[in-house]
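Below is one structure, written out as C-alpha cells; the observations come after it.
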Amino acid sequence: MIAEIGLAALWLAAALAVLQMVSGGFALRSVEGAPNPMAIYARPAAVVQAVLAVLAFILLLYAFAVTDLSIKLVATNSHSMKPMIYKLTGTWGNHEGSMLLWVGVLALSGGLLAAFEKRLPERTMGATLGVQGFVALGFYAFLLFSSNPFERLPVPAVEGVGLNPLLQDIGLAIHPPTLYAGYVGLSVAFSLAMGALLTKEVNPSFARVMRPWVLGAWVLLTFGITAGSYWAYYELGWGGWWFWDPVENASLMPWLAATALMHSVSVLAARDALRTWTIMLGVLAFSMSMLGTFLVRSGVLTSVHAFAVDPERGAFILGLLGLYIGGAFTIFALRAGAVAEGKRFAATSREGALVFNNVMLSAILAIVLLGTLYPLLTEAFDVRVSVGPPYFNPAAAIFAVPMFLVMAVGPLLRWKEDKPARIQFEMLLVAAVLIGVIALVSFFGQFPLLPMLGLGLAAALAVAAVLPLKGRKLTRVPSATWGMVLAHFGVAVSLFGMACEGAFTQERLAAVAPGGTEQVGDFAVTLQSVTPVAGPNWTAIEARLAVSQNGGEPVILSPQARNFWSPPQATSESALLTRWNGQLYAVIGNQAEDGRWQIRVWWKPFVTFIWYGGLLIALGGVLAIAGRVKVDVKRRKATAMGDARRADLEALGAAAPVPAE
Amino acid sequence: MTQNRLWLWLPLALFAFFAGLAGYMLTQEKDQFVESTMIGEALPEFVLEPAFGGLPGAARADFVGGKPRLLNIWASWCLPCIAEAPQLDALKAKGVEIIGIAIRDRPEDVANFLGQYGNPYTRIGSDRISEVQLAIGSSGVPETFVIDAKGVIRYQHIGDIRADDVPVLLAELEKAQ
C-alpha cells in the first residue's frame with residue numbers, strides 16, 4: 001500500500017506542477033492593478049505540490065526502514081541485516097531514491113517561495129512560479145517514466161542485495177542531501193532570474209529577493225563540498241583530499257558559479273549594476289547543477305562515484321537539459337538586450353574588483369568544465385584520456401592567484417569610484433606579508449611553486465580579510481560584513497591547509513613485521529598486532545598501531561582492510577590521529593609472503609585546516625543570511641507599523657502622510 | 001550594438017555544441033564489462049581449501065592435463081548464480097568438467113545451495129578474500145573461464161550463463177583442445 005500511495009502522491013504532484021506552470025503563465029498576461037483571474041492558482045499549487053513530493057519521499061524512507069522487499073528499489077539496494085542508520089541513508093544512496101530526494105527538495109523550495117515571498121510584483125512572482133513548475137514537471141516525468149522508485153517486484157525478493165560498502169558511512173548521511181539542497185536552492189535563483197527576465201523587472205528589489213536563496217544554496221554547497229572532500233579523504237584511503245574526479249567537479253562547478261552569482265547579486269542589490277551579468281550567472285549556476293546530474297547519471301564519463309548507469313536515462317536528462325538550459329539561454333539571448341543597462345562605475349571601485357573576480361571565477365569554471373568534458377570530446381574520436389591534477393592545478397591557479405590578490409584589496413575599495421592611493425598603506429601591508437612569507441619559506445627549503453605561492457597568499461589574505469574592520473566600532477559592524485570577513489578569512493585558512501599539505505606532507509610505505517617500528521616525521525609507529533575482526537556485514541583484518549610522538553605516551557590507531565559481502569567489495573578504512581597542527585593518516589595493505597604487512601603512513605601538517613576553512617566560509621555565509629534576514633524583519637515590522645498608523649489616521653479622518661520608503 | 005547582441009547568443013552556442021557532443025556519445029556503445037587482461041596467460045599458482053565437506057578443494061594443478069575445463073566463479077549469496085545453475089548442469093551433462101571457486105562463502109551455505117539447485121562441480125575451492133578471483137582478473141560474480149589442458153586461460157564469460165551461452169562455451173572448449 002505504501003508504494004502505491006507514494007506513486008499516487010508523485011502523479012498528483014506532477015499534475016499540480018502543470019497547474020502551477022499554466023497559472024504562472026497567465027500572471028504574465030495580467031495588467032497593472034488587475035491581476036489575471038487565472039493567476040491565483042500558482043501559489044497554492046506550489047505549496048500543495050511541495051507537501052505531496054515530501055510525502056512521497058517520507059514513504060520511500062519508511063519502505064527502506066522496514067526493508068519492504070516487494071519494492072524493487074529496496075530489494076536491489078538494501079539488506080535486512082544492515083544497521084538501521086544505513087537502511088535510511090540507503091534511501092538516497094541510489095539513482096531513483098536520490099532523484100526523489102532532489103525532486104522533493106525542488107518542490108519544497110518552490111513551496112517555501114510561494115508561501116513566504118511577498119515582496120516581488122505579482123507578475124514576476126507568477127512567472128517565477130511558472131518556471132519553477134515547468135522545471136519540476138520535467139523531473140516528475142523523469143521519475144515517473146524512467147526511474148520509478150516505487151516499482152514493485154512481481155514476486156517479493158527473499159533478501160536484498162545490499163548496498164555499496166563504500167556508501168555505508170555516516171558521510172553519506174549528510175553529504176548528498178546537503179549538496180542536493182544546494183543545487184536545488186539554485187533552481188529557485190534560476191526561476192527568479194527567468195521570471196525577472198520575462199517581465200524585464202531586473203532591479204535591486206528583485207536582487208534582494210534572490211539573495212537569500214543564493215546565499216542559502218551557496219552555504220549548503222560549501223558545506224557539502226567540504227564534507228564530501230573529507231569523506232573521500234578518509235574513506236577512499238588514498239590520502240588525498242581532492243581528486244578532480246568528474247563527480248567532484250560536478251559539485252565544484254555550481255559552487256564556482258554560485259560564488260560569482262552571490263557577489264554579483266549583492267552588487268545588483270546595493271548599486272543596481274550588473275543586471276544582465278546577474279541573470280546570466282543565475283542561469284549558469286543552475287545549468288551547472290543539472291549538467292552535474294547528467295554527467296553523473298548518464299554514464300558518459302567514468303568516475304569513482306558510479307551511479308546507476310543507463311544511456312536511456314542519460315538521454316532523458318539530456319532532453320531536460322536541452323529544454324531548460326537551451327530554453328533559458330535562448331530567452332536570455334532574445335531578452336537580455338531589452339533589459340535596461342544598470343548603473344555605471346569606474347574600474348577602480350568595489351564593483352570593479354567584484355567584476356574582475358567574477359570573471360576570474362568564471363574562467364576557473366571554464367577550466368574545470370573543459371577538463372571535465374575533454375575526455376568526452378576525445379572519446380568521440382576513440383581516444384581515451386584521463387585529465388588530472390597536472391592540468392587542473394596549474395590551469396586553475398593562473399586565474400586563482402590574481403583573484404586572491406584582488407580579493408585581498410577589493411573589500412577595502414569604495415563603491416562607484418575610488419583612488420588606489422587612498423588604501424596605499426593597506427596594499428603595502430598585504431604585499432609585504434605576501435613577499436615576506438614566500439621569502440621566509442623559500443629560505444628554509446625547496447618546495448614546489450604552487451604550495452609556496454599558496455602559503456604567501458594565505459598569510460596575505462588572512463591579514464587582508466580583517467582589514468575592512470580597521471577603524472570601525474566592532475559592535476556596530478553589521479552581521480553581513482562579519483560574514484564577509486569570516487568567509488574571506490576561511491578562504492585564507494583553507495588555502496593555508498592546502499599549501500601545507502602540498503609542501504610538507506611526509507609519507508612512509510613499508511613492509512613491517514609485528515613488533516617493527518617505522519618513523520614518520522615526529523612519530524614512531526609500531527605495528528603491535530594484526531587481528532581479524534567482524535562487523536554486521538563485513539569481515540576485516542585490523543592492525544594495531546602504537547603511535548608515539550617524540551617518544552611520548554603511545555596512542556593506538558586501528559586501520560582496517562575490510563571485506564564486505566553482498567556485494568563483495570574490499571575497502572580500506574584509514575585510521576587518523578588528529579593533532580592541532582596536522583593529521584597522521586594510516587592504512588594497512590596486503591600481507592607479504594614472509595608474514596610482514598604493508599603499512600602506509602602519512603604525516604600531513606595542517607591538513608585539517610582545509611576543512612576548518614571550508615566550515616568558516618560556510619559559517620560566514622550563515623552570518624550574512626542572518627544579517628540580511630534581521631534587516632528584512634526589521635523593515636517589515638516598520639512597514640507594518642507604518643501601515644497601522646496610517647490606517648489609524650485615516651480612520652480619524654486626517655490626511656495620511658506619505659511613507660518615507 | 002550588434003556586437004553587443006552577438007555575445008548574448010554565445011552561451012547558447014556553447015551549450016548547443018555540448019548537447020550535440022553528449023547526445024552523440026550517448027548513442028555510442030559503451031563497454032560495461034571489465035575484461036580480464038589474463039586471457040592468453042597461464043593460470044596463476046594457487047591452492048584453495050575445500051568450500052565444504054562434500055567435495056575436494058581446488059588448485060592450479062587440477063586444471064593441468066587431459067582436457068580443457070571450466071572454472072566457475074560463484075557464491076551461494078549470489079542471485080544470478082541460481083539462474084545459471086541449470087545451464088551448468090546442462091554443460092555437465094555434455095561431459096564438461098566444471099571446477100568451482102566459491103567467493104566469500106560459508107560451508108553450510110555452500111552445502112545448502114548445492115542441495116537446493118544441484119551440484120555440477122567436481123571440486124570447489126573456497127576463496128575467502130577474493131584472492132584468486134582478483135588474480136585471474138575477474139571483477140564480479142558469477143564469471144566463467146575456459147582453461148585449456150596446459151592451464152592457460154583461453155576465454156572469459158562475464159555474468160550468468162544463459163541457455164544460448166551454452167553452445168558458445170562448448171565451442172570455446174572445443175577450440176581450446
So between residue A:531 and residue A:440, what do we pick up on full extension, going 0.36 nm a residue minus the alpha carbon distance? 28.1 nm
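Would you tally the net charge around residue A:212, using a Cβ to Cβ cut-off of less than 13 Å, leaving residue A:212 out, and scoring K and R as +1, D and E as -1?
Net of charged neighbours comes to +3.
Mind putting a number on the dipole of chain A about its Cα centre? Charges go on the C-beta only, +1 for Lys and Arg and -1 for Asp and Glu, and I need it in Debye to the nearest 20.
Values: 44 positive and 37 negative charges, 488 e Å.
With Lys and Arg at +1 and Asp and Glu at -1, about 2340 debye.
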Which of B:133, B:28, B:116 moves most in a GNM of chain B, Cα contacts under 10 Å? B:28
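Hey, got a sec? Which trypsin sites (Lys or Arg not before Pro) in segment A:332-394 land in a DSSP loop and have at most 13 other Cβ atoms within 10 Å? The partial results should precede the final answer.
Working: sites: A:335, A:343, A:344, A:350, A:384; in loops: A:343, A:344, A:384.
Counting only loop positions with at most 13 other Cβ atoms within 10 Å, the trypsin sites (Lys or Arg not before Pro) in segment A:332-394 are A:344, A:384.
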Could you tell me which of rounded, prolate or oblate describes segment A:455-526, using a ≥ b ≥ c as the square roots of the eigenvalues of the alpha-carbon gyration tensor, with rounded for a/c under 1.5 and, failing that, prolate when a/b is larger than b/c and oblate otherwise? prolate
Fewest to most neighbouring Cβ within 10 Å: what's the order for A:118, A:82? A:118, A:82
Putting +1 on Lys and Arg Cβ atoms and -1 on Asp and Glu Cβ atoms, find which of A:366, A:329, A:393 reaches farthest to the positive end of the dipole of segment A:294-451. A:329
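List the trypsin sites (Lys or Arg not before Pro) within segment B:133-177 that fall in a DSSP loop (any state other than H, G, I, E or B) and whose Cβ has at most 15 other Cβ atoms within 10 Å.
Values: sites: B:150, B:154, B:162, B:175; in loops: B:150, B:162.
The qualifying sites are B:150, B:162.
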How high is the relative contact order of segment A:481-633, in percent, with contacts defined as C-alpha pairs under 8 Å that are six or more residues apart? 31
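For chain A, what is the mean residue ellipticity at 222 nm derived from helices alone (per DSSP H run of n ≥ 4: -39500 (n - 2.57); sum divided by total residues; nearest 500 deg cm²/dmol)? Mind dumping the intermediate values first?
Numbers: 18 runs with 400 residues, N = 661.
Result for chain A: -21000 deg cm²/dmol, rounded to the nearest 500.
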With an 8 Å cut-off on Cα pairs and a minimum separation of 6 or more residues, tell me the relative contact order of chain B in percent. 29
Relative contact order for chain A: what is it in percent, counting Cα pairs under 8 Å that are at least 6 residues apart? 11
Quick one: dipole size for segment A:502-638, taken about the Cα centre, charges +1 on Lys/Arg Cβ and -1 on Asp/Glu Cβ, in debye to the nearest 20. 1280
Please list, by residue number, every one of the chymotrypsin sites (Phe, Trp or Tyr not before Pro) in segment A:321-430 that is coil in DSSP and has at most 11 other beta-carbon atoms within 10 Å. A:381
Residues with beta-carbon under 15 Å from that of residue B:64, excluding residue B:64: net charge, scoring Lys, Arg +1 and Asp, Glu -1? +1
Distance check, please: which entries in A:343/A:630; A:82/B:94; A:416/A:470; A:473/A:637; A:419/A:630 exceed 30 angstrom between their Cα atoms? A:82/B:94; A:419/A:630
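Using the number of other C-beta atoms within 10 angstrom as an exposure proxy, rank B:70, A:509 with the fewest first. Walk me through the numbers on the way to the answer.
Values: B:70 25, A:509 12.
Ranking B:70, A:509 by Cβ neighbours within 10 Å, fewest first, gives A:509, B:70.
Can you give the net charge of the other residues whose Cβ lies under 12 Å from the Cβ of residue A:420, counting K and R as +1 and D and E as -1? It would help to have the intermediate numbers written out before the result.
Values: positive: A:414, A:419, A:422; negative: A:417, A:418, A:426.
That sum, taken over residues with Cβ under 12 Å, equals 0.
Rounded, prolate or oblate: which fits chain A, taking a ≥ b ≥ c as square roots of the Cα gyration tensor eigenvalues, rounded meaning a/c under 1.5, else prolate when a/b beats b/c?
Details: a/c = 2.03, a/b = 1.23, b/c = 1.65.
Taking the square roots of the gyration eigenvalues as a ≥ b ≥ c, chain A is oblate.
Got a sec? How would A:634, A:604 order by Cβ neighbour count within 10 Å, fewest to most?
Ordered by Cβ neighbours within 10 Å, fewest first: A:634, A:604.
Where a number appears in this text, it was derived from the coordinates with a stated rule and is not lab data. This one's a predicted model, so the numbers in the text were calculated from it and none came from an experiment. Neighbour counts run over all protein chains shown; Cβ positions are idealised from the backbone, glycine included.
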